[in-house]
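Worksheet: the structure to be examined is printed underneath.
The values are calculated or read from the model by the stated rules, or taken from the named source; none is laboratory data. What you see is a predicted model; the values in this text were computed from it and never measured. Note: ideal-geometry Cβ built from the backbone for every residue, glycine included; neighbour counts use all protein chains shown. These area figures cover heavy atoms from the full protein model, side chains too; ligands, DNA and RNA do not enter into them. Shrake-Rupley method; radii C 1.70, N 1.55, O 1.52, S 1.80 Å.
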Amino acid sequence: MATSIVPASVQGPLLVCEEGLSVWGGVNPTTGEIVDAHHPQCGRALAGHVVMMPTSRGSCTGSGVLLGLAFAGAAPRALIFREGEDILTLGALVAGRLFGHAIAVLRLTGAEYDALARETAAEITPTHLRAGDRVWPLTPAGSATLELSAGDRACLAGDEGEAAQRAMEIIVTMAEAQGAPRLIDVERVHIDGCIYASPAFLTFARAMADKGGRVRVPTTTNAISVDHARWRAQGVDERFGAPAAALADAYVEMGARPSFTCAPYLLADRPAAGEDIAWAESNAVIYANSVLGARTVKHADFMDLCIALTGRTAQAGVYLERNRAPRRIIEVTRPAGADDAFWPMLGWLVGQAAPDRIPLIRGLEDSAPSEDDLKALCAAFGTTSATPMLHIAGITPEAHRPPAPEADHTPIGPEDFAALWRRFNAGAAEVDLVALGSPHFSAAECAAFAELMEGTHVAPGVSAIITLGRGTLGAITANGVRARLEAAGIRIVPDLCWCSISEPVFPPQARVLMTNSGKYAHYAPGLSNRAVRFGALAQCAQTARTGKAPSTPPAWITAAGT
């Protein structure tokens, strides 16, 4: 049954995306052009099109980028999905509900989606979808059975103030579209919408702050787009730095903690197993569900603040026990002698193999990944999958869950790692930037890199930069690791991360970068317009010292490709 999630009257040519798309990092936020170098439709523009994709994937920031595209006149006319989707749907809802920019959102069955994909253009009204000679009636989304507490109803009536009222309206609308039976309390929130990806982010946050918004539960903040204390000294343009800092300030004004990290699971007070939380930032959501056993869907930017202002969210998705079971079993053959690059590569490959369902990874029961290995895996998984969690047999806390009856099997073998290494290493061997900290480096990773660089120095003409959170910066300052890194010529930048960095903090002269992050290896070509090399942490240290990426793959990759 064709369902209207966000009704609007629009028409336009069809753009069929063969894969899900992360609008943040994968789309130019000014023009709407797809810039994800790994996406089949790279180079096409969303602007003015009726865009079809199975579902979105990647960053929770996509909702805000979509709103920014609407403000810039570069948004799609409509979004049509085959699977459930919340991130871009929320962006379309906010664009229309609060700012008068109409973007229709529909969900079709598989047969309806495939039939529409063969057409060239479509017209959408609140009641019908027309394309060629076909007409599909649209059923409004909604749940007549959504259970609201007395407190929810009071909030909707404005008893908690205008900001909380608007927030609750958005929560209820999305909950009805999701078919949620009720709203539930959350213990904490992590805000992703503090990244200044477009002026729309500040417009939204400032509007809610000016309406008296105050968080009702403990709330942390993601990495922001500037080093808050030093951006002027770093030469950041006032036209960017001032609104980026003001965006962070707006969230702090509403009571959020200025943690400014994309790795909130590194903070001392991280969630417990079974705890209902509301986190945005895709890598953090996946880590919280998969490694910590906490419960959160991948909340879109703007929804994160709405939940923080009310303490309530829809009981849907992986908040429900039945939705946490694996639906695809990934049988992994680990290449002999694999180094730490194995884990982010595995995450990317598993996400590609399970783009729309929770996977169970088998074959690693005798391995002992560190928390940093799992961090790297979860982050890379989030670039290629829309799914908010994964299981690893023998390692993650909920891997004992029986697979769903319909679960199928997919292999990942050594040849897949060899192919991905080639894909991640398309750049030239001459490297002028080593980029570490996507997600933010932990204290253990900082110590490991300091050990690798001990007694040596970054080569002339090469920059090596670590991004991290304020908490980690304090820890490595106290234990002497910061001094060791800086003695080796490593720059340490807090508050922002590689997915929000801009020139001149990102060295303008750099043409080829090297990273140990599968997440950044995926996004960097589109975000930075630079070529990329990828490798283990030891290879990054070698490259920092020499300015040259290894000329051949590591032995475990070479053996895997033969």
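Would it be correct to say that residue 509 is open to solvent by 10 Å² or more (accessible area, probe 1.4 Å), modelled with pLDDT of 95 or more and in a helix (DSSP H, G or I)?
On the way: open to solvent by 10 Å² or more (accessible area, probe 1.4 Å): yes; modelled with pLDDT of 95 or more: yes; in a helix (DSSP H, G or I): no.
Criteria not met by residue 509.
Take region 270-302 and flag every residue that is in a strand (DSSP E or B) and aromatic (Phe, Trp, Tyr). Spell out how you get there, then give the answer.
Here is the first cut: in region 270-302, the residues in a strand (DSSP E or B) are 276, 278-279, 295.
Scanning region 270-302 gives a single hit, 279.
Among the residues of region 82-98, what is the count of those that are touching a Ser or Thr at 6+ places or on another chain (Cβ under 8 Å) and free of Cβ contacts under 8 Å to residues at least 40 places away in the same chain?
Within region 82-98, residues that are touching a Ser or Thr at 6+ places or on another chain (Cβ under 8 Å) and free of Cβ contacts under 8 Å to residues at least 40 places away in the same chain number 1.
Could you go through region 539-546 and let me know if any residue there is outside any helix (DSSP H, G or I) and open to solvent by less than 10 Å² (accessible area, probe 1.4 Å).
First, pick out the residues of region 539-546 that are outside any helix (DSSP H, G or I): none.
Scanning region 539-546, I find no residue that is outside any helix (DSSP H, G or I) and open to solvent by less than 10 Å² (accessible area, probe 1.4 Å), so the answer is no.
Tell me, please, whether a residue that is within 21 Å of the chain's Cα centre (by Cα), in a helix (DSSP H, G or I) and closer than 24 Å to residue 530 by Cβ can be found in region 67-82.
Keep residues of region 67-82 that are within 21 Å of the chain's Cα centre (by Cα), which gives 67-70, 75-76, 79-82.
Keeping just the survivors that are in a helix (DSSP H, G or I) gives 67-70.
Restricting the remaining residues to those that are closer than 24 Å to residue 530 by Cβ gives 68-69.
The answer is yes; a qualifying residue exists.
Looking only at region 26-45, count every residue that is open to solvent by less than 40 Å² (accessible area, probe 1.4 Å), assigned to a loop (DSSP other than H, G, I, E, B) and either farther than 24 Å from residue 421 by Cα or modelled with pLDDT of 95 or more (or both) and tell me the total.
2
Among the aliphatic types (A, V, I, L, M), open to solvent by 10 Å² or more (accessible area, probe 1.4 Å), closer than 20 Å to residue 342 by Cα and over 26 Å from the mean Cα position of the chain (by Cα): is that true of residue 452 in this structure? Working first, answer last.
Details: among the aliphatic types (A, V, I, L, M): yes; open to solvent by 10 Å² or more (accessible area, probe 1.4 Å): yes; closer than 20 Å to residue 342 by Cα: yes; over 26 Å from the mean Cα position of the chain (by Cα): yes.
Judged against the criteria, residue 452 is a match.
Going through 432, 495 one at a time, which residue ends up being of a type in the set (D, E, K, R) and under 24 Å from the mean Cα position of the chain (by Cα)? Give the derivation first.
Values: 432 fails: under 24 Å from the mean Cα position of the chain (by Cα).
Sole residue among the options that is of a type in the set (D, E, K, R) and under 24 Å from the mean Cα position of the chain (by Cα): 495.
Consider residue 214 carefully, then state whether it is basic (Lys, Arg), more than 23 Å from the chain's Cα centre (by Cα), modelled with pLDDT of 95 or more and open to solvent by 40 Å² or more (accessible area, probe 1.4 Å). Don't jump to the end; show me each part of the working.
Numbers: basic (Lys, Arg): yes; more than 23 Å from the chain's Cα centre (by Cα): yes; modelled with pLDDT of 95 or more: yes; open to solvent by 40 Å² or more (accessible area, probe 1.4 Å): yes.
Yes, satisfied.
Name the one entry in 195, 170 that is in contact (Cβ under 8 Å) with a residue 24 or more places away in the chain and buried (at least 24 other Cβ atoms within 10 Å of the Cβ).
Working: 170 fails: buried (at least 24 other Cβ atoms within 10 Å of the Cβ).
195 is the lone residue from the list that is in contact (Cβ under 8 Å) with a residue 24 or more places away in the chain and buried (at least 24 other Cβ atoms within 10 Å of the Cβ).
Would you say residue 366 is surrounded by fewer than 20 Cβ atoms within 10 Å (Cβ to Cβ) and assigned to a helix (DSSP H, G or I)?
Working: surrounded by fewer than 20 Cβ atoms within 10 Å (Cβ to Cβ): yes; assigned to a helix (DSSP H, G or I): no.
No; evaluated as a whole, the condition is false for this residue.
Let me confirm something: among 373, 408, which residue is within 22 Å of residue 317 (Cα to Cα) and not aromatic (Phe, Trp, Tyr)?
Working: 373 fails: within 22 Å of residue 317 (Cα to Cα).
Sole residue among the options that is within 22 Å of residue 317 (Cα to Cα) and not aromatic (Phe, Trp, Tyr): 408.
Okay, residues lined up against (1) open to solvent by 30 Å² or more (accessible area, probe 1.4 Å); (2) under 22 Å from residue 442 (Cα atoms); (3) in contact with a Lys or Arg (Cβ under 9 Å, 6 or more places away or on another chain):
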{"position": "375", "(1), (2), (3)": "no, yes, no"}
{"position": "379", "(1), (2), (3)": "no, yes, yes"}
{"position": "382", "(1), (2), (3)": "no, yes, yes"}
{"position": "391", "(1), (2), (3)": "no, no, yes"}
{"position": "398", "(1), (2), (3)": "no, no, yes"}
{"position": "402", "(1), (2), (3)": "yes, no, no"}
{"position": "408", "(1), (2), (3)": "yes, no, yes"}
{"position": "412", "(1), (2), (3)": "no, no, no"}
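Of the conditions (1) at pLDDT 95 or above; (2) open to solvent by 10 Å² or more (accessible area, probe 1.4 Å), residue 499 clears all except one; give me its number.
(1)
On the basis of being of a type in the set (D, E, K, R), at pLDDT 95 or above and farther than 20 Å from residue 288 by Cα, does residue 331 make the cut?
Details: of a type in the set (D, E, K, R): yes; at pLDDT 95 or above: yes; farther than 20 Å from residue 288 by Cα: yes.
Answer is yes for this residue.
Can you give me the number of residues within region 308-345 that are without any contact (Cβ under 8 Å) to a residue 24 or more places away in the chain and among the β-branched types (Val, Ile, Thr)?
Qualifying residue count for the region: 0.
How about region 414-425: which of its residues are crowded, with 17+ Cβ neighbours inside 10 Å and not polar (S, T, N, Q)? Show your work before the answer.
Taking region 414-425 first, the residues crowded, with 17+ Cβ neighbours inside 10 Å are 414, 416-418, 420-421, 424-425.
Listed by number, the residues that qualify are 414, 416, 417, 418, 420, 421, 424.
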